[in-house]
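Right, one structure below, let's go through it.
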Amino acid sequence: MALQDEIARRRTFAVIAHPDAGKTTLTEKLLLFGGAIHVAGAVKSNKIKKGATSDFMEIERQRGISVATAVMGFEYAGCKINILDTPGHEDFAEDTYRTLTAVDSVIIVIDGAKGVEAQTRKLMDVCRMRRTPVIVFINKLDRPSKEPFDLLDEVERELHIRVRPLAFPISNGPTFKGVYNLYEKNLSLFTSDEKQTADASTVEIDDLASPLLAQHVGDKLAEQLRQDVELVEGVYDEFDRDAYLRGELAPVFFGSAVNNFGVRELLECFVRIAPSPRPAPAESRTVEPQETKMSGFVFKIHANMDPNHRDRIAFLKICSGTFERNKNYLHVRSGKQMKFSSPTAFMAEKKSVIDFAYPGDIVGLHDTGNFKIGDTFTEGEALKFTGIPSFAPEQFRYIENADPMKFKQLAKGIDQLMDEGVAQLFTSALNGRKIIGTVGALQFEVIQYRLEHEYNASCRWEPISIYKACWVESDNAEQLADFKRRKHTNMAVDKHGRDVFLADTSYALALAQENFKDIRFAFASEF
């Protein structure tokens, strides 16, 4: 198949949400309808099996949260679909933010009872920054939920995006009957209790005026649905795919992932409207997927927690051309040529070695510690892809060596873990002490565990009072020098040698921004 055809049939997207909104359940059901698994639950049980290999995953199991992004690929309706299921827990949000750089569109899952939550807003900000097309799936309608129109208003108001429902629920909670598909103009009612497989029987009703509707849902709900659909058509504009692709309009679906309601409607519409791989911004130019020469970037590095296999896997997003096994590619940062004998594709439960990969695909490369997040591979051109964010940490602690005999191991461990994007390292200008900054407190446990088990180094944490870290830069060299002199006790440098201001209170930060007008205070940087 020609490169052009392969690109056109790729759909690479992330499933994102606040914790507990039902991301993993929805991902499972998408795999189920896509035929990648035959009984829902296989992905989850697979995660548990993987988790049993070490104590680190014990944290994940005990707390019932995803710690790392999982990649799954399957074929559906002639399309190759790559799903990235991300951690919802805010302590691991960095991983999710970076994953968003590797996808062409996003499905945001919202809990119908809770509505838009804090983490959902943050994730939407990242999507807006990158103009990523967004589809909203309002989940858990099998439980008592807010009214659909209230939820639609809330999504518009809280996520600052226009919405257009493409499916509409018939009631919610115990009386929830099904979903009317406004895009296809048909109604699917599940009449069986078969929830773990994809072959539940459905009733197709094409015309809402049909008496068949009342037979299945009752007169009251049938009348309610007719009024709701009339209101939707009257209040909301026609669905505009171009506005969706520009990230200005979010199609909304309703359903209950755990009961299979609304998932097939979502998947079928997604395959039709979601974008194929999009151009990728680089420092020197924009890279088009159709270019014949291969290029791609590393957006995530995942160290295997299994002590028997100390391998790390770098996740490479292919941006253009065809990636081939055993072919030499330029590792731009080091200037070395590298070839990969066993690049892997991620299929639902297992990894398999691949010979070719196309734009939109995610390839796993075995890494012995050579790669960093943001690294670019090309066929010779010195490209650097942009837009891989690194956000200002919210939690800070001094890291101290707990075993003087293991100084080298600790230094190596910190260096490699920071390359992975687990956390950020700052060196204080005042006393030269090392400060670790993370998005959430749980990361400190993860770092300590991994230093001990992977690098045979032990550390201890000491408290430090910092409100926020922000990168500072200015075209006014004099003012910047004055700022650094006055704020000497609060200054640090990051791993790349950039100046960082460690504000101890929100007041100190606001005052600094007010008094030094020529200085830019950035709360996100790039790798």
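Tell me the mean residue ellipticity at 222 nm calculated for the chain from its helices only (DSSP H runs of n ≥ 4, each -39500 (n - 2.57), averaged over every residue, nearest 500).
Calculated from helices alone, the mean residue ellipticity at 222 nm is -8500 deg cm²/dmol.
Normalised by the empirical 2.2 N^0.38 Å for globular proteins, what value does the Cα Rg of the stretch 383-452 take?
My calculation over the Cα atoms of the stretch 383-452 gives 1.18.
Could you check how many percent of all C-alpha pairs in the stretch 250-298 are farther apart than 17 Å?
Across the stretch 250-298, Cα pairs with separations above 17 Å total 56 percent.
Which FRET efficiency value, to the nearest 0.05, do you get for R226 and V353 by plugging their Cβ-Cβ distance into 1/(1 + (r/R0)^6) with R0 = 60 Å?
0.65
Holding the Cα-Cα limit at 21 Å, pick out from K23/K114; K122/K412; K372/K495; K372/K406 the pairs that are longer than that.
K122/K412; K372/K406
Given the C-alpha centroids of the stretch 360-413 and the stretch 322-337, what is the distance between them in whole angstrom?
18
Using the charge dipole of the chain (Lys, Arg: +1 at Cβ; Asp, Glu: -1 at Cβ; taken about the Cα centre), state which of L32, N82, F315 has its Cα farthest towards the positive end.
The residue sitting farthest along the positive end of the dipole is F315.
Compare the Cα positions of F297, S428, L141 along the charge dipole of the chain (+1 at Cβ of Lys, Arg; -1 at Cβ of Asp, Glu; about the Cα centre) and return the one farthest towards the positive end.
Positive-end residue among those listed: S428.
The stretch 100-155: Rg/Rh from Cα coordinates, Kirkwood Rh?
Rg divided by Rh gives 1.00.
In Å², what does the accessible area per residue of the stretch 329-440 work out to with a 1.4 Å probe?
For the stretch 329-440, the per-residue accessible area is 42 Å².
For the stretch 218-260, what number results from the quotient of the Cα radius of gyration and 2.2 N^0.38 Å?
1.53
Output the antiparallel fraction of DSSP beta bridges having both residues in the chain, as a percent to the nearest 5.
Percent antiparallel among DSSP bridges in the chain is about 75.
Tell me, Kirkwood radius of the stretch 414-509 from alpha-carbon pair distances, in Å?
Mean inverse Cα-Cα distance, inverted, gives 14.6 Å.
Keeping all protein chains in position, work out how much accessible area R164 exposes to a 1.4 Å probe, and write it in Å² to the nearest 10.
Near enough 10 Å² of accessible area.
Let me spell out the model: positive unit charges on the Cβ of Lys and Arg, negative unit charges on the Cβ of Asp and Glu, origin at the Cα centre of the stretch 381-518. What dipole size does that give, in debye rounded to 20?
Result for the stretch 381-518 is approximately 340 debye, rounded to the nearest 20.
Using the Cα gyration tensor of the chain, with a ≥ b ≥ c the square roots of its eigenvalues, what is the shape: rounded (a/c below 1.5), prolate (a/b larger than b/c) or oblate (neither)?
In terms of gyration-tensor shape, prolate.
When the dipole is taken about the Cα centre of the chain, and only Lys, Arg (+1) and Asp, Glu (-1) are charged at their Cβ, what size is it in debye, to the nearest 20?
1700
Relative to the compact-globule scaling 2.2 N^0.38 Å, provide the ratio for the alpha-carbon radius of gyration of the stretch 111-265.
Taking the Cα Rg and dividing by 2.2 N^0.38 Å, one obtains 1.04.
Assigning unit charges at the beta carbon (Lys, Arg +1; Asp, Glu -1) and nothing else, what dipole magnitude in debye, to the nearest 20, does the stretch 323-412 show about its Cα centre?
320
The values are calculated or read from the model by the stated rules, or taken from the named source; none is laboratory data. Remember, it's a predicted structure, so these values are computed and weren't measured experimentally. Note that we place each Cβ from the backbone using ideal geometry, even for glycine, and neighbour counts take in every protein chain shown. For accessibility, only protein heavy atoms count, side chains too; no ligands or nucleic acids. Shrake-Rupley method; radii C 1.70, N 1.55, O 1.52, S 1.80 Å.
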